[in-house]
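The values are calculated or read from the model by the stated rules, or taken from the named source; none is laboratory data. Quick caveat: nothing in here was measured; it's all calculated off a predicted structure. Because the Cβ atoms are built from the backbone with ideal geometry, glycine has one as well, and the counts that use them run over all protein chains shown.
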Amino acid sequence: MKTIGLIGGMSWESSAVYYRIINSKVKEILGGYHCAKSVLLTVDFDLIQKLQFEENWAELDKVMVKAAKQLENAGADFIILCTNTMHLCSPAIVKNITIPFLHIAEATGTRISELGLKKVALLGTRFTMEKDFYKTYLIEHFGIQVITPDKSERDFINGTIYNELVHGLIKTESREKFKKIIKELEKQGAEGVILGCTEIPLLISKNDVEIPVLDTTQIHAEKAVSKALE
């Protein structure tokens, strides 16, 4: 079994879900007393979110690269970044480590292709929805068309993530608003919806909508287990 290196803390709420899924999946596959071999490094999200809103991605690159190097030095065989937004820093991470990096959009794109979907909606932080790093990856590597909500809805989603979900606050009214947003995207041709922030699955599940839900936390964590057990 390979050792998984996890860069977590963005937020710790979703990192805890990653840890649970990974270990539960290993036990499911191997049985007995098995759990995953892993190293988890948790960064301080207070610093991360401040740098995000300052659009200081050069400094965020440095923080992520430092974390990745620490995991490599600690014996990780490959690295996953337990957040969608911070994959904006993935080129810097890959450039500065010698072990593999498992990209969340790679895992998600593979699952979308397996389902035969050609057009999907993307929900996430405003960085994930408005910058091209995620959409471009899915288009270039998988030929998948990606649509996002309008500006006011993007603002609502972003606010819910940073003001509620990262603090573990789950509000019924926010869930209902998310469901309405997804329904509108479905009318625009979305065949599935990517929960492209690792906190959103704390609020929305496959039981809340009619189209397939791509839970990036679940998909990424399970892909990491597959890679660890290769």
Test: residue in region 208-223 that is of a type in the set (Lys, Arg) and in the same structural domain as Ser11 (by TED's automatic domain parsing): yes
Helices (runs of 4 or more DSSP H) completely within region 109-179 that count 3 or more residues being polar (S, T, N, Q): 151-163
Selection within region 123-144 - over 18 Å from Gln52 (Cβ atoms), hydrophobic (A, V, I, L, M, F, W, C) and touching a residue at least 24 places away in the same chain (Cβ under 8 Å): Leu138, Phe142, Ile144
Checklist (1) more than 26 Å from Lys69 (Cβ to Cβ); (2) surrounded by fewer than 14 Cβ atoms within 10 Å (Cβ to Cβ); (3) within 17 Å of the chain's Cα centre (by Cα) applied to Pro91, failing item: (1)
Close pairs (6 angstrom Cβ cut-off, 6 or more residues apart or separate chains): in contact (Cβ under 8 Å) with a residue 60 or more places away in the chain in region 63-75, part of a helix (DSSP H, G or I) anywhere: Ala68/Ile93
Residues within region 153-163 that are modelled with pLDDT of 95 or more and under 18 Å from Ser205 (Cβ atoms), tallied: 2
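Tell me, which helices (runs of 4 or more DSSP H) wholly within region 39-108 include 2 or more residues that are among the aromatic types (Phe, Trp, Tyr)? Steps first, answer last, please.
On the way: elements: 45-53, 57-73, 90-96.
Counting at least 2 such residues, we get 45-53.
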Count - residues of region 184-211 that are surrounded by 15 or more Cβ atoms within 10 Å (Cβ to Cβ) and either at pLDDT 95 or above or hydrophobic (A, V, I, L, M, F, W, C) (or both): 15
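Restricting to region 190-217, name every residue that is free of Cβ contacts under 8 Å to residues at least 24 places away in the same chain and either farther than 18 Å from Lys177 by Cβ or not in a loop (DSSP other than H, G, I, E, B) (or both).
Of region 190-217, the ones free of Cβ contacts under 8 Å to residues at least 24 places away in the same chain are 205-207, 213, 215.
Hits for region 190-217 are Lys206, Asn207, Val213, Asp215.
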Subset of region 108-142 that is among the small types (Gly, Ala, Ser) and crowded, with 22+ Cβ neighbours inside 10 Å - its residue that is farthest from Ile181 (Cα to Cα): Gly109
Conditions (1) within 20 Å of Trp12 (Cα to Cα); (2) at pLDDT below 95; (3) surrounded by 18 or more Cβ atoms within 10 Å (Cβ to Cβ); number of the one not met by Gln49: (3)
Residue within region 21-38 that is within 16 Å of the chain's Cα centre (by Cα) and either at positive phi or without any contact (Cβ under 8 Å) to a residue 60 or more places away in the chain (or both) present: no
Test: residue in region 173-182 that is touching a Phe, Trp or Tyr at 6+ places or on another chain (Cβ under 7 Å), surrounded by 17 or more Cβ atoms within 10 Å (Cβ to Cβ) and in contact (Cβ under 8 Å) with a residue 12 or more places away in the chain: no
Criterion violated by Ser15 - all others in (1) part of a helix (DSSP H, G or I); (2) over 19 Å from the mean Cα position of the chain (by Cα) satisfied: (2)
Conditions (1) more than 15 Å from Gly5 (Cα to Cα); (2) crowded, with 18+ Cβ neighbours inside 10 Å; (3) modelled with pLDDT of 95 or more; (4) not charged (D, E, K, R); number of the one not met by Gly31: (2)
